[in-house]
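First comes the structure, then the notes that go with it.
What follows draws every value from the coordinates through simple rules; no lab data is involved. Treat the numbers as computed from the prediction; the structure is a model and nothing was measured. No Cβ is skipped: glycine too gets one built from the backbone with ideal geometry, and neighbour counts run over all protein chains shown.
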Amino acid sequence: MTTLDSAVPRAARRARLLALLGTGLPVYALLGALLVALAFTDPGFYEPDRFLAFIRRAAPLVLLAAGQYLVIVCGQFDLSVGAVVTAGVVVAAEIYAEFPGAHWLVVCGALLLAGAAVGLVNGLVTTGLGVPSFITTLGMMLILEGGVFFWTGGSPQGYLPDDFRAVGRDDVLGRVPWAVLVCLAVGVAAVLLMRSRFGRTLVATGDSERTAALAGVRVHRARTVAFVLSGAAAALAAVLVGGFSGVSAQAGTGMEFEAITAVVLGGVLLGGGRGSVVGAMAGAFSLTALFTLLNLQGVSGALESTVQGVIVIAAVALGAADWSRLRRRSPSVPSGGPRS
Amino acid sequence: MIRRTGPLLAAALLSAALLTSCTSDTPSDGPSAPAGSASPSQDGGEDAEFFTQAEYEQQLALTRETPEGPEDRPWEQMLRPEMADTSQYAVEGDDVHLCFSNAGVFNPWRQVGLRTMEAEVALHEQITEFTVVDAEGQDDKQISDIQELSNQDCDALIVSPNTTATLTPAIEEACGRLPVIVFDRGVNTDCPVTFIHPIGGYAYGAAAADFLVENVAEGGNILALRISPGVDVLENRWSAAELAFEEAGLTVADVEFTDGDPAVTKSIVTDAIQRHGGIDGVWMDSGATSVAAVEAFEDAGEEVPPITGEDQQDFLQAWDERDLTAVAPTYPTFQWRTPVVAALRVLAGEEVPVEWRLPQPTITQDTLADYLSEDMPPLHYAMCGCEGMPGYPQDWGGE
């Protein structure tokens, strides 16, 4: 009996710790392992400049992962974010072609509004017309990609001036890149959002739409807002990507899948209702760290998509296994009879 | 217990991923439309391996020769011309209806070129009608375009073929109806009155590679950036460069495909700098993404090594502002003027060369100032031969 008594508080303490880390535990471990591996592979990696450059490179994906998290945790998908990034970069270039003197803040504001508008359409079509979000956002992706191709004839014409590109390229306050600050700000905002009533509403919606609706949650509105925020996050990522590499018709290619990979890697359950936004962002950092490590090992960048495919399947399989076992074990906890 | 399996499994998967990814180094994604000078072609001409020793040697020899014709009008110059009689095409009267079947305007090179051709047409009062049909990069559309144009009352037909083999039969058919002038990319028939093109891909690739051979110490690491595999013009450029590097003892650290995209290029160069701990020279098969490569070195805090580009203004400006060690071989856009000149000569019954080989100048440090123009848009090609034309620079997007 004594063993049992001591086991219970220990288990409780462990449970508290686990609850704190939440479903993100595997991703934090993975991120830690990757960062250690990077230190061994390339001793210069932790020089401040290089490490900040690493974060700058991860920043657009971190933003997309945060946005994608909001959509996934309430039980939906947003496949249109990569196309929003591409369209954002191309549209910015076209704006500058029309109005060469435009202030960069105005252009950024216009992009954010346009991104939010795309999200609004995604949200309204999904919730209002009942089209599954997978189809809605896939359609939106094709619409935007086709639109960009039609508009530019396959190669964008414009040019992004240096003041617009500063956010994605330059440093502020000495040597800290703008992109790192943007990343930090979005991270803090996302955490605060998820702690607010809206955040809890969103998770509840993803967990069980019916329960949430019965509890008085306006499910459709919550989901639409999630899509709007995801679209705006993608537009902000477009500012960073466009700033970093200039005009490109492939700026956002494949980013929607990188974002989804990052989110599931972060321990967020596809289908919604479980996972933390910090985990999703850690997933984005892990994915970038993994790609960096593969590059240092001399593995071709062309295999990135292969690695990504393996990760997505594995992470979802992992999540599913974890979940089902938890369900099986949970009834035994209140009875207090440890069977192990 | 259950929770702990998470990281373990993840670690196992990570190592699996590392293992699988070590087995192959081949790029998996296929090329899309290249943004560089040429349009795609799956056709390697007679030689599927993209390298013909005789052609390679001839091109290198041609770069050293002095072309015939007016020095200040390179689009009228010709190398080793074999003149052919065109009296059978001579027409009476002054009202010329010129027709042009264009492969497309899918990149800035072609946009500058088409603008230049239109300006050339405007120079000649006797051309009363100029019909341009855009095939939008599709072979089937260009085939029907050519059929349609040869049934109209065109006096001569200019064709810039989208691909070589597929368009050959359509051009052969048109040859029977009216004089046909082909430029940029060739066709597998000698029925056109003249085929206009600059020296070629080997000369381009060799010009860029020779510059690196001179400016990079032996054993240096060269990063080669290519648009996409399987395009004959681009394959020629690379095969000439590869040969030059091999002879000079330079190490080709990586050969990567950028798809002509700045974002892709920047991440490839950033990765290469990180992986090799520095790069001593960058060879590019076209200039559209040179500036992105330069930026990658800057953002990595490295000095920009000797680099090759093309005659686009953004690269020339970066070269000048940052005082780069650079060279810019060109695939000159002034070649778009030549077909109009040739058409008028043919219709006047004057001789034209069967193969009109245009010079292919290279911009070096010494000539950079001549081609640099702050007022032109970043994607303008400096070797357009259009500076003295009416409407310059506004019609080309300049100020």
Report summary line: Gyration tensor on Cα atoms of segment B:325-399, a ≥ b ≥ c root eigenvalues, a/c under 1.5 rounded, else prolate if a/b beats b/c, else oblate, says oblate
Report task. At 7 Å along the Cα-to-beta-carbon direction for both B:A165 and B:T189, put a label point, then send me their distance in nm to one decimal. Result -> 1.7 nm
Report task. Please label the shape of the protein assembly as shown as rounded, prolate or oblate, based on the square roots a ≥ b ≥ c of the eigenvalues of the alpha-carbon gyration tensor (a/c under 1.5 means rounded; beyond that, a/b larger than b/c means prolate, else oblate). Result -> prolate
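What's the local net charge at A:V219, with K and R +1, D and E -1, over the other residues with C-beta under 10 Å away?
Here the charged neighbours net out to +3.
If I take R0 = 22 Å and measure r between the Cβ atoms of B:R80 and B:E247 in this structure, what FRET efficiency does the formula 1/(1 + (r/R0)^6) give, to the nearest 0.05?
On the way: r = 26 Å, r/R0 = 1.17.
According to the calculation, E is roughly 0.30.
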Report task. Assuming R0 = 51 Å, can you tell me the calculated FRET efficiency for the pair B:Q394 and A:L124, based on Cβ-Cβ distance, to the nearest 0.05? Result -> 0.70
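Looking only at other chains, what is the average number of their beta-carbon atoms within 10 angstrom of each beta-carbon in B:254-264? It would help to have the intermediate numbers written out before the result.
Details: counts 2, 0, 3, 2, 1, 4, 5, 9, 10, 15, 6.
Mean shielding by partner chains, rounded to a whole number: 5.
Divide by every residue of the protein assembly as shown the summed helix terms, -39500 (n - 2.57) for each DSSP H run of at least 4, and state the resulting mean residue ellipticity at 222 nm, rounded to the nearest 500 deg cm²/dmol. Mind dumping the intermediate values first?
Working: 27 runs with 411 residues, N = 739.
When only DSSP H runs of four or more count, the value is -18500 deg cm²/dmol.
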Report summary line: Expressed as a whole number, the average count of other chain Cβ atoms within 10 Å around the Cβ atoms of B:266-277 is 4
Report summary line: Packing-ranked peptide list from A:42-52, B:136-146, highest mean Cβ count within 10 angstrom first, is B:136-146, A:42-52
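Which value, in debye to the nearest 20, gives the size of the charge dipole of the protein assembly as shown about its Cα centre, when Lys and Arg are +1 and Asp and Glu are -1 at the Cβ? Mind showing how you got there, number by number?
Working: 41 positive and 88 negative charges, 1657 e Å.
In debye, rounded to 20, the protein assembly as shown gives about 7960.
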Requested in this report: Just tell me how shielded A:28-40 is by partners: mean number of partner chain Cβ atoms within 10 Å of each residue's Cβ, no decimals.
Outcome: 2
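List the relative contact order of chain A as a percent without decimals, with contacts defined as Cα pairs under 8 Å and 6+ residues apart.
Values: 527 pairs, mean separation 112.2, N = 340.
Reported as a whole number, the value is 33 percent.
By average Cβ neighbour count within 10 Å, what is the ranking of B:219-225, B:340-346 from highest down?
Peptide ranking by packing, descending: B:340-346, B:219-225.
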Query raised in the report: What FRET efficiency comes out for the pair A:L193/A:A215, r = Cβ-Cβ distance, R0 = 30 Å, nearest 0.05?
Result: 0.95
Query raised in the report: Can you list the HN-Hα couplings for segment A:222-234, worked out from phi with the Karplus curve (6.51, -1.76, 1.60; θ = phi - 60°), rounded to whole Hz and with x for Gly and Pro?
Result: 4, 5, 4, 4, 4, 5, 4, 5, 5, x, 5, 4, 5
Query - Which of A:A315, A:A215, B:A122, positive extreme of dipole for the protein assembly as shown (C-beta unit charges) - result: A:A215
Report summary line: For segment B:306-319, Karplus-derived ³J(HN,Hα) couplings (6.51, -1.76, 1.60; θ = phi - 60°; whole Hz; x for glycine and proline) come out as x, 9, 10, x, 9, 8, 6, 4, 4, 6, 4, 5, 4, 4
**Report entry** For peptides B:261-274, B:67-80, A:188-201, sequence by mean Cβ density within 10 Å, most packed first
**Finding:** B:261-274, B:67-80, A:188-201
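Once the cut-off is 18 Å, how many percent of the Cα-Cα pairs in segment B:201-329 end up in the long-distance tail? Write down the numbers at each step before the final one.
Details: 3757 of 8256 pairs.
Of all Cα-Cα pairs in segment B:201-329, 46 percent lie more than 18 Å apart.
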Query raised in the report: If each of A:W151 and A:S208 carries a label point 7 Å out from its Cα toward its Cβ, how far apart are those two points in nm?
Result: 4.5 nm
Query raised in the report: What distance in nm separates the simple spin-label points at B:E302 and B:D95, each placed 7 Å from Cα in the Cβ direction?
Result: 6.4 nm
Query raised in the report: Dipole size in debye (nearest 20) for segment A:24-325 around its Cα centre, Lys and Arg Cβ +1, Asp and Glu Cβ -1?
Result: 940 debye
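With +1 on each Lys and Arg Cβ and -1 on each Asp and Glu Cβ, and nothing else charged, work out how big the dipole of segment A:107-201 is about its Cα centre, in Debye to the nearest 20. Can you show the working numbers first?
Working: 6 positive and 5 negative charges, 95 e Å.
Rounded to the nearest 20 debye, it is 460 debye.
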Report summary line: Sorted by chain and then number, the residues having a modelled amide H within less than 5 Å of the amide H of B:A84, at least 5 places away or on another chain, are B:V352, B:V354
